[in-house]
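All remarks here apply to the structure that follows.
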Amino acid sequence: MGRMADTAKRKSKKDLLFNAAMSIIGERGYGGTSVDEIAARAGVAKGVVYYYFDSKAALAEQLIKTGLDGLAVRLDRVITDEMSASEAIVALAHEQMRQVEKRRDFVKFLLSEMWREDREWQQTLDSCIEKIVDIFAREIKRGIVDGEFEPLDDEEMAFIAQTIWATFLSGALNWTVIHPEDDPARIADRLAQYALAGLRS
């Protein structure tokens, strides 16, 4: 019983740190965030941060891995065997929108880091993004095989898959920040239709 309580306490502190880091980094960016601020917002001593993570960079890397791996799982889950490739693209747009609504701070952090090349966690970021892009590429390839989409070679397909995912991500975030009064489902449909128009032409 004592061990279970101790494990739960450790998990709770780690979760607090995760949430605090995500919130502050989302607001100010990685460079504008200090370990002191993360600890203060989490309500823990600075040493607790270093108990769980070797550095601020290690914490940021774990945020990226946890956030993107979770996103990949959720995106993959919304696709069913009964869906056509076009329906799968629409489902991916809607799920991306739902996840941005829930994790806006993470998405702001992610978009600020996606195209940087000087971070310690670049390899982790690239690997996590590749898992998500592979989901989109798989559905695009299926659409090509089924005759729904125009043929693409492998290089084009990888580029288009990454472009569609990045468009869904940034488009959804743009909606939450600039046009929160709009219906998120309608925005997701519009994003999906833009993607499908390109895939079919």
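The values are calculated or read from the model by the stated rules, or taken from the named source; none is laboratory data. Bear in mind that the values here come from a model prediction, so they are computed numbers and not experimental data. Note that each Cβ is placed from the backbone with ideal geometry, even for glycine, and that neighbours are counted across all protein chains shown.
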Does at least one position in region 146-153 carry a residue that is among the small types (Gly, Ala, Ser), out of contact with any Phe, Trp or Tyr (no Cβ under 9 Å at 6 or more places or on another chain) and either free of Cβ contacts under 8 Å to residues at least 12 places away in the same chain or not assigned by TED's automatic domain parsing to the domain that holds residue 191 (or both)? yes
Based on what the data block shows, is residue 47 within 20 Å of residue 122 (Cβ to Cβ) and either modelled with pLDDT of 85 or more or not assigned by TED's automatic domain parsing to the domain that holds residue 100 (or both)? no
Using beta carbons and a limit of 7 Å, which pairs, at least six apart or on different chains, have the first residue in region 30-43 and charged (D, E, K, R) and the second one surrounded by 20 or more Cβ atoms within 10 Å (Cβ to Cβ)? 37/24; 41/20; 41/24
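Condition check ((1) under 20 Å from residue 196 (Cβ atoms); (2) crowded, with 19+ Cβ neighbours inside 10 Å; (3) at pLDDT 85 or above; (4) β-branched (Val, Ile, Thr)) across all residues:
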position: 92; (1), (2), (3), (4): yes, yes, yes, no
position: 114; (1), (2), (3), (4): no, no, no, no
position: 120; (1), (2), (3), (4): no, no, no, no
position: 128; (1), (2), (3), (4): no, yes, yes, no
position: 131; (1), (2), (3), (4): no, no, yes, no
position: 142; (1), (2), (3), (4): yes, no, yes, no
position: 155; (1), (2), (3), (4): no, no, yes, no
position: 159; (1), (2), (3), (4): yes, no, yes, no
position: 183; (1), (2), (3), (4): yes, no, yes, no
Residue match in region 68-88 (condition: among the acidic types (Asp, Glu) and at pLDDT below 90): no
Can you tell me which residue among 163, 176 is hydroxyl-bearing (Ser, Thr, Tyr), surrounded by fewer than 17 Cβ atoms within 10 Å (Cβ to Cβ) and either in the same structural domain as residue 127 (by TED's automatic domain parsing) or touching a His at 6+ places or on another chain (Cβ under 6 Å) (or both)? 163
Identify the residue in region 191-201 that is farther than 13 Å from residue 96 by Cα and not hydroxyl-bearing (Ser, Thr, Tyr) and, among all such residues, is surrounded by the most Cβ atoms within 10 Å (Cβ to Cβ). 195
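Here is a yes/no grid of residues against (1) within 14 Å of the chain's Cα centre (by Cα); (2) under 30 Å from residue 57 (Cβ atoms):
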| position | (1), (2) |
| --- | --- |
| 116 | no, yes |
| 126 | yes, yes |
| 132 | yes, yes |
| 141 | no, no |
| 145 | no, no |
| 148 | no, no |
| 153 | no, no |
Kindly list, by first and then second residue, each pair from a residue in region 177-196 that is over 16 Å from residue 167 (Cβ atoms) to a residue that is surrounded by 15 or more Cβ atoms within 10 Å (Cβ to Cβ), limited to pairs with Cβ atoms under 7 Å and residues at least 6 apart or on different chains. 182/175; 185/94
Quick one: is residue 82 outside the structural domain of residue 29 (by TED's automatic domain parsing) and buried (at least 19 other Cβ atoms within 10 Å of the Cβ)? no
Residue that is surrounded by the fewest Cβ atoms within 10 Å (Cβ to Cβ) [pool: residues in region 21-41 that are at pLDDT 90 or above and among the hydrophobic types (A, V, I, L, M, F, W, C)]: 40
